[in-house]
Each structure stands twice: as structure tokens, then as C-alpha cells.
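The values are calculated or read from the model by the stated rules, or taken from the named source; none is laboratory data. All of these numbers come straight from a predicted model, not from anything done at the bench. When we count neighbours, we look across all protein chains shown, and the Cβ atoms used for this are built from the backbone with ideal geometry, even at glycine. Ligands, DNA and RNA are stripped out before the accessible areas are found, and what is left, the full protein with its side chains, is counted by its heavy atoms. Shrake-Rupley method; radii C 1.70, N 1.55, O 1.52, S 1.80 Å.
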Amino acid sequence: MSECKQQLDQKERPEEKRMEILLELNLKQKLATRLGILIVGSIIFGLFCCHSALASLTLGALLALMLRNPTNVFALVMTCRRDVMALQRFVALNLYLLRKDRAGCTVAHCFEEQARQQPEKICFVMDERRLSYSQALLFSQRVAGYFQQRGLKRGDCVALLMETRVEYTCFWLGLSQLGVITALINSHLRGDSLLHCIRVAKACALIVGSELSDVLLNLPPLELDIYQYTDVEGQQLLPNAIELRDALEAQQPLPLSRNRESSSKDKLLYIYTSGTTGMPKAAVITNLRYIFMSAGTSYLAGLQSNDVIYNPLPLYHTAGGIVGVGTALLNGSTVVLRKKFSASNFWSDCRKHNCTAAQYIGELCRYLLATPFEAQEKPLHNLRLMYGNGLRPQIWTQFVTRFGIPHIVEIYGATEGNSNLINITNRLGAIGFVPIFGRRLYPVQILRCDELTGEPLRDAKGRCMRCAPGEAGLLVGKVDDRRAVSAFHGYVDKAASEQKRLRNVFANGDCFFNSGDMVVGDILGYIYFKDRTGDTFRWRGENVATQEVEAIITNCVRLNDCVVYGVQIPHVEGKAGMAAIMDPTRKLVDIEYLSIVIRGSLPPYARPLFIRLLDEIPRTETFKLKKRELALEGYNLEIVKDPIYYLNRDGVYRLLSTEQYASLLAGTAGL
């Protein structure tokens with residue numbers, strides 16, 4: 001127990017600065033704001049109003065209003081610099097998007113422009129392999145020429161199943177020259193999930209890397225052409241597969257033409273959702289949406305063409321394949337790739353390639369924090385910023401302090417969604433902000449909703465209601481298909497797309513994208529993630545936000561994987577909390593000390609009734625932890641062979657006995 005406590009103390013020590021959601025001004029802030037209003041008002045009166053009765057009365061009325069409610073004045077002053085900077089970048093982004101849209105530019109056009117300007121500059125790096133802009137352009141044009149000769153045409157779809165390599169992006173770039181859509185398949189899928197992703201995209205061909213050719217052997221025969229890209233000569237081909245490497249080397253490149261058929265609104269990619277709650281869904285990515293997501297990150301985060309970006313994320317996903325790779329295709333940056341994320345090699349890779357910016361996602365930062373401490377870690381990299389999404393507030397300060405990260409840019413968004421936010425000011429814990437002066441104009445809104453079901457609440461007129469600062473609500477984005485920043489193209493499955501739309505929200509005929517995320521805003525316009533709708537459960541008449549419970553437990557178990565979810569108990573209303581903690585050796589978690597921490601940190605209704613220790617928590621390749629399978633297994637001793645601890649009346653967790661399990665099922669456990 002003392003060892004766990006010592007580890008906890010060591011991890012909490014740097015967390016002096018904690019996330020604060022400002023909901024109202026304290027007395028000192030109110031007095032300072034009112035004093036400032038009086039001083040500025042006196043100066044204006046002396047300079048402009050002292051000789052005019054009407055001007056004096058007008059100024060007096062305005063001052064009275066501001067003195068009565070200084071909150072808005074305080075918020076405007078505190079966020080003025082932030083909002084002006086964001087406005088400048090946002091306007092520049094929209095002008096860029098407008099130019100590309102009107103010119104009918106595709107991503108391939110944008111990349112060709114970069115390659116012509118800097119042909120010898122390195123575009124992609126992985127290990128010792130380097131691909132210059134001219135080499136990447138040549139490869140993609142050979143892909144276009146080859147598949148044009150094979151009869152592929154505009155509107156066809158090709159599935160790409162390949163691990164990260166420097167040529168990965170060139171394949172779909174080349175196919176896009178022909179108007180062919182590429183479905184980026186998760187390289188870790190097997191069996192039914194893999195088959196589902198190929199079929200739902202209606203692919204007419206499949207390009208597979210030789211490193212993944214074996215996974216196709218276990219599938220039923222596929223009624224499509226299979227092209228195998230081998231790493232070296234002489235590798236064995238799949239039955240009926242067409243060898244691609246030698247064919248591309250002999251292929252004449254097809255120059256990119258600006259034909260009238262090509263448009264920025266053409267479909268470019270199918271990118272699959274991570275599948276945390278079922279089979280992956282194919283989200284539609286058009287050329288313009290790709291340009292918006294990539295250029296939006298570059299413009300708003302302040303990325304430059306001379307930056308070297310470290311991207312250890314998979315290229316079949318939005319973060320790695322759009323936000324990461326797009327900085328090369330559209331911004332002219334060099335992007336350093338890695339086949340698979342490695343916490344132990346992260347900083348050495350950054351040093352080796354002299355990276356100036358790096359991406360993170362999900363739990364990546366927590367995995368980096370869990371690595372052994374190295375002396376002089378801070379100066380051993382040249383990063384000026386890290387950008388991504390999912391940096392948990394409880395480790396934010398610790399991560400920045402330990403590794404000496406000058407700037408964190410937290411981005412909020414979904415592959416298919418349009419409710420996009422970004423935190424460009426290092427505000428601890430915030431996923432983004434909405435400017436004070438544009439809360440009702442900005443397409444992103446927070447709606448009052450039922451925290452358990454996620455359904456928006458409506459007033460007597462049938463309209464949704466906006467949340468006040470400090471009130472948790474559903475984040476939504478207004479859909480306007482005429483604008484890149486607010487378009488929603490949905491999924492290949494039209495029925496699934498319709499389920500994400502909310503209609504008649506504030507007026508008849510309007511439409512909003514339902515993000516499914518619960519957030520809370522403050523008086524400065526900053527927005528903070530609270531929970532996923534469906535993750536919150538009700539117990540003892542109270543709503544339990546799983547993320548808050550996970551934060552407490554994670555800090556006690558040395559930042560190891562932990563998920564919290566609700567489980568049904570017969571004859572009892574609501575769902576009891578259950579926490580699953582990764583502990584393969586069964587020595588990491590000190591149950592006695594964990595009991596003390598939970599009792600001292602959480603109210604009775606929020607304390608998990610069950611603790612499950614397991615070897616590994618299932619997660620997606622973007623480090624999202626899967627709860628659904630664990631929740632279905634619950635605390636069933638007949639199914640679960642891992643140790644399950646039960647919260648006894650004395651507040652201590654002990655192994656769940658068969659007698660206690662039977663009483664829970666019979667409804668005689670006294671709950």
C-alpha cells in the first residue's frame with residue numbers, strides 16, 4: 001500500500017495547476033472589473049462627452065448596465081486577444097477554402113502544386129526510408145496510369161489494406177486522380193469485421209500490402225480484383241492476386257489534368273469509425289472536407305511549411321491520414337511516420353528527425369507518462385507544440401511539465417461530424433472555445449438534454465434550449481452543406497447518417513449534427529468534455545459521469561488503463577458502477593489503498609460497486625478503450641474468470657464470493 005501511495009504522490013506533485021471552469025466572478029474580480037469600467041468611463045467622458053448632454057446620458061446608461069453585470073465585460077476583456085487571433089486565422093482559412101472550392105481543386109491538385117514548388121524537399125520519412133515530393137508525385141501518377149489501364153473509372157471504389165509505409169498516401173492520391181474513391185481499411189481488422197468493411201464500401205478492387213496478405217486467406221472468396229504490393233522481389237503472391245510493385249515501376253505516369261468532371265466536392269475517401277459500439281461505419285470524406293480538416297488544423301494551430309511533423313498514428317484513421325498527412329499534402333511540411341506507435345521510442349524519434357511538432361491522440365500521452373523517467377528529458381527534443389485530441393485534464397499539467405512541451409493544441413472533432421472546436425491558448429482541459437461575441441452565430445451549440453439518454457430537451461413550442469455556462473449539455477453542429485466548415489456528408493449507410501441529424505432545433509427546417517458528446521461551457525466561452533452520451537448511468541438516484549470516476553482511479557493505479565461503466569443488478573433500479581483495471585501481474589493494484597482513495601474522493605453513489613482486474617482492456621487502434629464487451633460480461637462469475645472485487649459495507653473491496661453473487665441475483669444483497 002505504501003508503494004502505491006508513494007507512486008500516487010509522485011504523480012500528483014507536479015499537478016499544482018488544476019483545471020478550473022470559471023462559472024462566476026469572485027468578489028475581487030467583480031471589484032476590479034467595476035473599477036476598470038469606471039476608469040475607462042471617466043476617460044471617455046473627459047475626452048468626448050463632457051460638452052454634450054445626450055452623449056453624457058448615453059455613456060451613463062451604458063456604464064450603469066456594465067456596472068450592474070460586470071461578467072460580460074470581464075469575459076470580453078479576458079478573451080479579446082484570443083478571439084482576435086482566432087478570427088484572423090479563421091478568416092484566412094475560409095478565404096483559402098473559398099479559393100480552392102471555386103477553382104474546383106482536389107487534394108491531388110493541392111499536392112501537385114506543393115510538389116512543383118519544392119520537388120527535392122522530403123515529404124515522408126519512416127525509419128531510414130525517405131520520399132521526396134517529386135518521388136511521391138511520380139508514384140501517385142504511376143498508380144493513376146496503371147489503374148486507368150485496368151479500367152477503373154470515376155465513382156468506383158478500391159479498398160486499401162496496408163500497414164503504414166511512405167507510399168501509403170500515394171496510392172489513394174493516385175486513385176483520386178481518376179475520381180476513384182479509396183476505402184482505408186483498418187489494418188488490424190480480421191474476419192467478419194474486415195469482410196464487413198470491404199463489402200459496405202462496395203469495393204470493386206482491393207490493394208493489399210504483402211505484410212497483410214495472410215489475413216485474406218481466412219476470408220471467403222472475394223468477388224473483386226486483388227492487387228498485392230510486395231516489399232521485395234520474389235515474395236509469394238496470394239492465389240489470383242496481381243503483383244503490383246513491378247507493374248508500377250514499369251508504368252508510365254499519368255499527368256494530373258484539370259478536367260471539368262473533377263470537383264472539390266467529389267468523394268475522396270471512406271474512413272471508418274473506430275467501432276467502439278459495433279461494426280465500423282464508413283464515413284464519407286470529400287476533397288473539400290479533407291482540405292478543410294487538414295488546412296483548418298494548419299491555419300488554426302499555426303503550423304508552418306518548415307515544420308517537421310511527427311505522426312506515429314495509423315494512416316487509415318482521420319488523425320493520422322488527414323490531420324497528420326495533410327500537413328504535407330497541403331502545407332508543404334515534412335511528415336515523419338512510424339509503423340506502430342512506441343512510447344519508448346517516441347522522444348528518440350523526435351530527436352532523430354529534428355521534429356518541431358508532434359501529434360497525439362487518445363491515451364498516447366498517458367502511455368508516454370507511464371514510461372520510466374529519464375534524466376534531462378525536457379531539453380532532448382525540439383518540439384514547439386503538440387496537437388491532437390483526447391489529452392485528459394488530470395494528466396495535462398503533468399505531461400507538459402515532465403516533457404517540457406511549450407504549447408498544447410487540443411482539437412475536438414469527429415471523422416464524420418461538423419461540430420469542430422480547437423483550443424489554441426493552452427487552456428488546461430478545454431477542447432476548444434466559442435467566441436463571446438459569436439455564441440449564437442457560431443454553428444456549434446450546446447443543448448440541454450437528458451444526461452442518461454442524450455435526447456435533447458424541448459420547450460413548449462417544441463424547440464431545443466441552449467445551456468447556460470456550467471450546465472452540461474449535448475454538443476451539436478449546424479449543418480450547412482454549402483460551406484466546408486459546417487457540411488455533413490455522413491456515412492455510406494444513409495440510414496445511419498439520418499440518425500445523426502437533429503431537425504427543427506431552433507427553427508422549422510434547420511438541421512444539426514448530433515455529436516453524442518456531453519460538454520460544459522464556462523463564462524469565457526471555453527468548452528470542456530464531460531462524457532459520451534450513453535456512458536453516464538444512474539445509481540442511487542444520481543447521475544454518474546464515468547470519466548470523473550476513471551480520473552480518480554487512473555491516478556491511483558499509476559496511470560494504467562481503466563474504464564468505468566454501468567452494470568444491471570436484478571431487482572434494483574438503475575445501474576451500479578463497475579471499474580475494469582489493467583493489471584496483468586495482479587500486483588499493480590493495491591485494493592486496500594484503492595478503497596481508501598475511492599472513499600475519500602467520490603460520493604457514495606459514484607463509487608464503483610465492482611472492480612475487475614484483467615490482463616488487457618480491449619481498445620481500438622486509436623487507443624479508445626472499448627466498454628461494450630466488458631459491460632455485457634458484467635460481474636458474471638460464470639463467464640468472467642478474472643478477479644472481481646465487491647464493495648462491502650465497510651467501504652473495502654474484497655473478492656466477490658459465490659454467496660454474494662447469488663444474493664445479488666436473488667435481490668437479497670440489501671442494495
Carbon + sulfur, % of accessible area of region 378-535 - ligands and nucleic acids excluded, 1.4 Å
50 percent
So for each of 472-480, 626-634 I average, over its residues, the number of other beta carbons within 10 Å; can you give me the resulting order with the highest mean first?
472-480, 626-634
Taking placed amide H atoms and a strict 5 Å upper bound, the residues 5 or more places from ARG458 or on another chain that come that close are none
Rounded to two decimals, the Debye log10 I(q)/I(0) of region 215-342 (Cα scatterers, no solvent) at q = 0.16, 0.20 Å⁻¹ is -1.18, -1.30
Mind jotting down the distance between the C-alpha centroids of region 494-550 and region 400-456, whole Å?
12 Å
Run through the DSSP bridge list for the chain and note the antiparallel percent, rounded to the nearest 5.
55 percent
Could you list which residues have their amide H under 5 Å from that of ARG427, counting only those 5 or more apart in sequence or on another chain, with H placed in the peptide plane?
none
Label point at MET19 placed 7 Å out along Cα→Cβ; residues across region 573-609 whose backbone nitrogen lies under 14 Å:
none
Note, ³J(HN,Hα) from phi for region 415-428, Karplus 6.51, -1.76, 1.60, rounded to Hz, x at Gly and Pro
3, 9, x, 10, 8, 9, 9, 8, 9, 9, 10, 6, 5, 4
With every protein chain in place, the accessible area of THR79 for a 1.4 Å probe, in Å² rounded to the nearest 10, comes to 0 Å²
What ranking of HIS317, HIS188, HIS489, HIS51 comes out by heavy-atom accessible area, probe 1.4 Å, highest first?
HIS51, HIS188, HIS489, HIS317
Magnitude of the charge dipole, the chain, Cβ model with Lys/Arg +1 and Asp/Glu -1, debye to 20
2140 debye
Would you please put 505-516, 458-469 in order of how densely packed they are, using the mean number of other Cβ atoms within 10 angstrom per residue and starting with the highest?
505-516, 458-469
Could you go through region 387-394 in sequence order and give the Karplus-derived ³J(HN,Hα) for each residue, using 6.51 cos²θ - 1.76 cosθ + 1.60 with θ = phi - 60°, rounded to whole Hz, and x for Gly and Pro?
9, x, 9, x, 6, 5, x, 6
How much of GLU243 can a 1.4 Å solvent probe reach, expressed as accessible area in Å² and rounded to 10?
50 Å²
For the residue pair GLU128 and ALA507, what label-to-label distance in nm results when each label sits 7 Å from Cα along the Cα-to-beta-carbon direction?
6.3 nm
To the nearest 10 square angstrom, what accessible area does GLU261 show with a 1.4 Å probe?
120 Å²
GluC sites (Glu not before Pro), restricted to region 359-446: which are DSSP loop and have at most 15 other Cβ atoms within 10 Å?
GLU374, GLU377
Relative contact order of region 194-295, pairs being alpha-carbon contacts under 8 Å that are 6 or more residues apart, as %
21 percent
Paramagnetic label zone (point 7 Å from Cα along Cα-to-C-beta, ALA92; backbone N under 11 Å) in region 281-322
298-305
Counting only heavy atoms of the protein chains, get the accessible area per residue of region 545-671 (1.4 Å probe) and round it to a whole Å² value.
44 Å²
Entries of LYS100/LYS339; LYS478/LYS624; LYS153/LYS340; LYS587/LYS624; LYS267/LYS530; LYS153/LYS265 with Cα pairs more than 29 Å apart
LYS100/LYS339; LYS153/LYS340; LYS267/LYS530
Compute the FRET efficiency between THR371 and LEU138 as 1/(1 + (r/R0)^6), taking r as their Cβ-Cβ distance and R0 = 56 Å, and round to the nearest 0.05.
0.90
Two-site FRET efficiency, LYS624 against LEU380, from Cβ-Cβ distance with R₀ of 30 Å, rounded to 0.05
0.50
For the pair LEU637/ASN69, report the inter-label distance in nm, with labels modelled 7 Å from Cα in the Cβ direction.
5.9 nm
In region 172-198, which residues have a backbone nitrogen under 12 Å from the label point lying 7 Å from LYS340's Cα in the Cα-to-Cβ direction?
188
At a 1.4 Å probe radius, which order do LYS100, LYS340 fall into by accessible area, largest first?
LYS340, LYS100
Can you tell me the length gained on complete extension of the stretch SER305 to SER348, counting 0.36 nm per residue apart and subtracting the Cα distance?
13.2 nm
Using only the heavy atoms of the protein chains and a 1.4 Å probe, how would PHE488, PHE48 rank by accessible area, largest first?
PHE48, PHE488
Around LEU614 (Cβ within 9 Å, Cβ-to-Cβ, excluding LEU614; K/R +1, D/E -1) the net charge comes to -3
Förster-model FRET efficiency, 51 Å R0, ASN218 and LYS28, C-beta, rounded to 0.05
0.15
Tell me, what HN-Hα J-couplings in whole Hz come from the Karplus equation 6.51 cos²θ - 1.76 cosθ + 1.60 at θ = phi - 60° for each residue of region 169-180, using x for Gly and Pro?
5, 5, 4, 6, 5, x, 4, 5, 4, 8, x, 8
Both in Å, the radius of gyration and Dmax of the C-alpha trace of region 79-187 are 17.2, 57
Gap separating the Cα centres of region 609-671 and region 292-332, nearest whole Å:
41 Å
Using 7 Å Cα-to-Cβ label points, what is the LEU237/SER193 separation (nm, one decimal)?
3.1 nm
